[in-house]
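Just so it is clear, none of the values below were taken in a lab; they were calculated from the coordinates. Given the structure is predicted, the values throughout are model-derived calculations rather than measurements. Cβ: placed from backbone, ideal geometry, glycine included. Neighbour counts: every protein chain shown.
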Amino acid sequence: MRSIATFKEEKIALRFWNFLQSEDIESSLEEDESNREWLVWVLDEEKIPQAMVSYKEFKVTPNDSKFNLTKNIEPKLKESNLGNHNKKSRFKNYNLRENWNKKDRSPGMFSLSLIITSVAVFLLSGMGQNAEIVNKFLITEKLNGTLSEVLNGEIWRIITPIFLHFSFFHILFNMFWVHDLGGQIEKRKGSRFFFLFIFVTAIISNLAQFKFGGPAFGGMSGVVYGLFGYVWIKCKFDPGDGLFIHQTTAIIMLAWFFLCFAVKDFGIANWAHAGGLITGTAWGYISAVRWNRK
């Protein structure tokens, strides 16, 4: 979902929104009372390019006959069960924050699979205490500073440390954010994008921790900081993308990040956090810049 257009007049916004409906582009219209504007949201990511082309045409020739579908507005509104005379129910009013609370906070299939796999490994490894199982998921079982197993074909080891957790709080913290932030990204960007994001972030965060902290580590927190970095930056530089994290939450996440680096006795995979955060923020920023240039 993305906000693609802003209008000062309800009448004009309604005309463009109705045109999108006629083109089978599922969209919604929302009043921003604070700025006295009307926002048009496109719900299907794949339809956004088509909607943007239509918006550019509409800005140039708003009175073109193809946009003049006024007669069809009332039937469409009734079909959407929005026949109420109240101003805000005369169109599909889409409240972003309310929608997150009701629906979009649920995890997607890949987010759910990450949670299930992590919990399964946590239980099978006896909460990270079964050395035989844990060793199978470490990036390497050697302490000589090389990735000998990976180089000999066990390439999955550059990913599998993310499934290791060593305490109930450890796995609870990470799975909460996979559910919350991961669920947002997967819902907005799709499972293929989310899989690629997790894959890249896991590799970078694991290799960063191995390089600067050694092979004895595990956990999804590097990936979690990647998710956080991506959502945080997108909120700041591309709010129309529909991703959200509360400012207080962002402050807490950043405070914890720096506190863990400052206090060495925590036994935290700080370099995994750093690798994930850098990856997520860079990815989010590049994505935001590319969109804003369109």
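Things to note:
- Residue check, L277 within 16 Å of F173 (Cα to Cα) and in contact (Cβ under 8 Å) with a residue 24 or more places away in the chain: no
- Residues that are small (G, A, S), part of a loop (DSSP other than H, G, I, E, B) and out of contact with any Pro (no Cβ under 7 Å at 6 or more places or on another chain) do occur in segment 254-271.
- Looking only at residues in segment 6-62 that are of a type in the set (S, T, N, Q), outside any strand (DSSP E or B) and surrounded by fewer than 18 Cβ atoms within 10 Å (Cβ to Cβ), the one that is farthest from the chain's Cα centre (by Cα) is T61.
- Among the residues making up segment 238-270, those that are within 20 Å of I171 (Cβ to Cβ) and either loosely packed, with under 15 Cβ neighbours inside 10 Å or among the hydrophobic types (A, V, I, L, M, F, W, C) (or both) are I252, M253, W256, F257, C260, F266, G267, I268, A269.
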